[in-house]
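FYI, it's all coordinate maths here, none of it is from the lab. The model shown is predicted, which means the values in this text are computed figures rather than measured ones. Cβ placement follows ideal geometry from the backbone for every residue including glycine, while neighbour counts extend to all protein chains displayed.
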Amino acid sequence: MNILDPTRPEAREAKLRYLDADFQIILEGEFVRCAATGDPIPLSSLRYWNVLRQVPFKTAEAAFDALVRSGE
């Protein structure tokens, strides 16, 4: 089992502040949840987020679909 695997029972969800090209860890953890799918995203794999809404996305497609739905 991978120590960074967010499906581990003892894995903790992180709380982040999303910035323009980076994020700031507010509460330590191993993963965040995708705003579109609810899937866990290991922090090492986090690449997509919305700064205005302060939410993460697992894939570029999920981020784009959310952007289209919101009308931003």
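Results for (1) in contact (Cβ under 8 Å) with a residue 40 or more places away in the chain; (2) in contact with a helix residue (DSSP H, G or I) (Cβ under 6 Å, 6 or more places away or on another chain); (3) surrounded by 15 or more Cβ atoms within 10 Å (Cβ to Cβ); (4) over 19 Å from A11 (Cα atoms), shown as yes or no for each residue.
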position: P40; (1), (2), (3), (4): no, no, yes, no
position: R47; (1), (2), (3), (4): no, no, no, yes
position: N50; (1), (2), (3), (4): no, no, yes, yes
position: V55; (1), (2), (3), (4): no, no, yes, yes
- Inspect the stretch 59-67 for any residue being aliphatic (A, V, I, L, M) and either farther than 21 Å from D20 by Cβ or part of a loop (DSSP other than H, G, I, E, B) (or both) and give the result as yes or no. no
